[in-house]
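To start, the structure itself, in structure tokens.
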Amino acid sequence: MSEHSRTARNRPAVPPGLLVVDKPSGMTSHDVVSRVRRIMGTRKVGHAGTLDPMATGVLVLGLERATKLLGHLALDTKAYLATIRLGAATSTDDAEGEVRSRTDPSGVTEQAVRDGIAELTGDIQQVPSSVSAVKVNGKRAYELAREGKDVELAARPVTVSRFDLLALREPAEATGEPDEDRFVELDVLVECSSGTYVRALARDLGARLGVGGHLGELRRTRVGPFGLATARTLEQLEAEPGLSMDLDRAIATAFARHDTDAVTVRALMHGQTIPATGVAGTCGVFGPDGRAVALVQDQGRTARPVLVLTPAG
């Protein structure tokens with residue numbers, strides 16, 4: 001038996017739960033999953049939504065049985081800190097794309113920026129970036145873009161609940177660069193619905209201001225109820241492997257809670273319906289011992305299990 005096999009067999013079993021990672025720039029979400037598999041010693045790792053390689057910040061992973069939980073998490077709101085560069089439009093709407101046009105942004109006023117931001121706040125129609133993960137005839141838009149094909153995506157409704165200007169930096173006077181190569185940089189805070197593209201906000205703000213714009217930097221600070229306060233870097237995880245929260249805490253964090261008795265717990269463990277909880281949407285049911293048993297949804301006078309966490313047997 002190889003040393004690797006002996007190590008794998010001697011390693012303690014990984015408990016189910018969630019891991020909130022502070023993703024570094026330059027890694028894909030799949031890269032992070034692969035790294036966590038090696039660190040934690042399990043193949044059963046999945047992510048609850050991707051984060052672009054250039055972006056940093058919150059990436060939620062599920063381990064072991066908690067991978068089944070990922071599709072039920074209500075991660076419908078997200079928060080970001082971003083830097084928008086005014087003065088150039090790019091092929092990808094971010095700093096990694098080819099510059100398509102340049103315009104001197106030095107004449108853009110702070111009031112014009114604030115007015116443009118106001119127009120992009122609230123319930124808006126947004127055209128996703130051509131390198132987004134939106135599917136077109138069964139293929140991802142970014143796959144078509146890589147093949148050199150023109151990608152035209154339809155506008156769709158999104159909600160930008162908060163779009164705040166934190167700082168505005170004018171182009172330096174003595175950079176030695178032509179005026180058209182200089183940027184006005186905006187630091188912004190964005191809170192939005194799932195499916196909103198911050199790079200598209202940067203593109204559309206630049207277009208409204210007549211100078212072009214793209215995303216310079218992006219850091220996700222929150223996904224649903226999971227924020228940077230519970231996130232760990234890969235280096236921290238390497239030094240001290242462990243979950244951010246076990247399955248019980250994850251359920252209590254992400255869902256409304258419903259406590260019940262032992263009889264109801266047994267029914268749920270066998271996949272049976274139970275009396276309605278009175279909770280709107282999906283809720284987590286906990287037994288007398290404080291352990292999470294299942295996720296359920298009310299349907300009239302009964303509640304139907306949508307995910308049984310501790311099945312009978």
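The values are calculated or read from the model by the stated rules, or taken from the named source; none is laboratory data. These numbers were taken from a predicted model, which means no experiment stands behind them. All Cβ positions, glycine included, derive from the backbone under ideal geometry; neighbour counts span all protein chains shown.
For the reader, a short list of remarks on this structure follows.
- So T50, is it among the polar types (S, T, N, Q) and more than 16 Å from G242 (Cβ to Cβ): yes
- Any hit, the stretch 166-180, residues being buried (at least 18 other Cβ atoms within 10 Å of the Cβ) and assigned by TED's automatic domain parsing to the domain that holds E96: no
- Any chance G62 is modelled with pLDDT under 95 and within 20 Å of L247 (Cα to Cα): no
Conditions tested, residue by residue: (1) touching a residue at least 40 places away in the same chain (Cβ under 8 Å); (2) assigned to a loop (DSSP other than H, G, I, E, B); (3) over 17 Å from the mean Cα position of the chain (by Cα).
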site: V21; (1), (2), (3): yes, no, no
site: V32; (1), (2), (3): yes, no, no
site: R35; (1), (2), (3): yes, no, yes
site: G46; (1), (2), (3): no, no, no
site: G49; (1), (2), (3): yes, yes, no
site: D52; (1), (2), (3): yes, yes, no
site: G57; (1), (2), (3): yes, no, no
site: L61; (1), (2), (3): yes, no, no
site: R65; (1), (2), (3): yes, no, yes
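- Residue within the stretch 85-108 that is aliphatic (A, V, I, L, M), more than 22 Å from L218 (Cα to Cα) and in contact with a helix residue (DSSP H, G or I) (Cβ under 9 Å, 6 or more places away or on another chain) present: yes
- Taking the criterion of being of a type in the set (A, V, I, L, M), outside any helix (DSSP H, G or I) and over 10 Å from V184 (Cβ atoms), the residues of the stretch 74-114 that qualify are A74, L75, A79, L81, A82, A88, A89, A95, V99.
Residue-by-condition table, conditions (1) touching a residue at least 24 places away in the same chain (Cβ under 8 Å); (2) part of a helix (DSSP H, G or I); (3) basic (K, R):
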position: L243; (1), (2), (3): yes, no, no
position: D248; (1), (2), (3): yes, yes, no
position: T253; (1), (2), (3): yes, yes, no
position: A267; (1), (2), (3): no, yes, no
position: V279; (1), (2), (3): no, no, no
position: C283; (1), (2), (3): yes, no, no
position: P288; (1), (2), (3): yes, no, no
position: A294; (1), (2), (3): yes, no, no
position: D298; (1), (2), (3): no, no, no
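- Restricting A167, A200 to those that are more than 27 Å from G49 (Cα to Cα) and either touching a strand residue (DSSP E or B) at 6+ places or on another chain (Cβ under 8 Å) or not in a strand (DSSP E or B) (or both) reduces the list to A167.
- The condition (being closer than 30 Å to D94 by Cα and in contact with an Asp or Glu (Cβ under 6 Å, 6 or more places away or on another chain)) is satisfied by just one residue among A292, A231, A276: A231.
- Which listed residue, of D104, D93, is among the charged types (D, E, K, R), surrounded by 15 or more Cβ atoms within 10 Å (Cβ to Cβ) and in contact with an Asp or Glu (Cβ under 8 Å, 6 or more places away or on another chain): D104
- The set of residues from the stretch 144-165 being modelled with pLDDT under 65 and exposed (fewer than 15 other Cβ atoms within 10 Å of the Cβ) comprises R146, E147, G148, K149, D150.
- Residue within the stretch 114-129 that is under 20 Å from the mean Cα position of the chain (by Cα), surrounded by 15 or more Cβ atoms within 10 Å (Cβ to Cβ), at pLDDT below 95 and within 25 Å of R182 (Cβ to Cβ) present: yes
- Residue in the stretch 209-223 that is free of Cβ contacts under 8 Å to residues at least 12 places away in the same chain and either surrounded by fewer than 18 Cβ atoms within 10 Å (Cβ to Cβ) or of a type in the set (S, T, N, Q) (or both) present: no
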